[in-house]
Amino acid sequence: MNSKTAVQFAGTKKTAPPSAPSPLQRKTKWRDRQYREAYMEAAVEQGVAWQIRINRTLRDMTQAQLADLIGTRANGISRLEDPEYGAHSLETLKLIAKAFDCALLVKFVPYSELAQESEHLSENDQYAAPYEIESKEKSVKK
């Protein structure tokens, strides 16, 4: 008897383990519309502020240096890096993206995507490499 027959005969048919709940399924509080909308607003306001700070510091830039690049003062950068500020304009964010030499992506997404993103908030996850570094890394990997 071959090994395939032995496995079938012994009744050891394998079944897939139950799948883990998705990030969205784990967000049970999000079933309340007000709660999930408040989370989304906070994620945008705080996320933008943290990304500015993380990307500036990982580029060894001071607030004054970034301010010079986008035509404002250091206290303006301090305000933009405040998670409670929440009044980031698209024009300012585009200037910051240019100063960091990275792209800015603004798009509407389903809550499942926000839930997925909420599980990737480390500095590495929030860092956007400058084009020159990213393009060199991509060419080395090929």
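Tabulated data
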read-out	value
Inter-residue pairs, beta-carbon under 7 Å, first hydroxyl-bearing (Ser, Thr, Tyr) and in region 36-53, second part of a helix (DSSP H, G or I), 6+ apart	TYR39/TRP30
Within region 83-135, tally of residues that are among the hydroxyl-bearing types (Ser, Thr, Tyr) and outside any helix (DSSP H, G or I)	5
Contacts under 7 angstrom Cβ, first residue in region 8-32 being under 17 Å from GLU117 (Cβ atoms) and among the small types (Gly, Ala, Ser), partner modelled with pLDDT of 60 or more and part of a helix (DSSP H, G or I), 6 or more apart	SER22/SER112
GLU91 under 24 Å from TYR111 (Cα atoms) and free of Cβ contacts under 8 Å to residues at least 60 places away in the same chain	no
Selected residue [among the small types (Gly, Ala, Ser), closer than 29 Å to SER22 by Cβ and surrounded by fewer than 12 Cβ atoms within 10 Å (Cβ to Cβ)] from SER122, SER118, SER112	SER122
Breaking point among (1) surrounded by fewer than 16 Cβ atoms within 10 Å (Cβ to Cβ); (2) part of a loop (DSSP other than H, G, I, E, B); (3) not aromatic (Phe, Trp, Tyr), for THR57	(2)
Hits in region 83-103 - residues which are under 15 Å from GLU45 (Cα atoms), in contact with a helix residue (DSSP H, G or I) (Cβ under 9 Å, 6 or more places away or on another chain) and exposed (fewer than 14 other Cβ atoms within 10 Å of the Cβ)	PRO83, GLU84, GLY86, ALA87
Matching residues, region 30-46, being closer than 21 Å to LEU80 by Cβ and either among the polar types (S, T, N, Q) or touching a Leu at 6+ places or on another chain (Cβ under 8 Å) (or both)	MET40, ALA43, GLN46
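The values are calculated or read from the model by the stated rules, or taken from the named source; none is laboratory data. Owing to the predicted nature of the structure, the values given are computational and were not obtained by experimental measurement. Note that we place each Cβ from the backbone using ideal geometry, even for glycine, and neighbour counts take in every protein chain shown.
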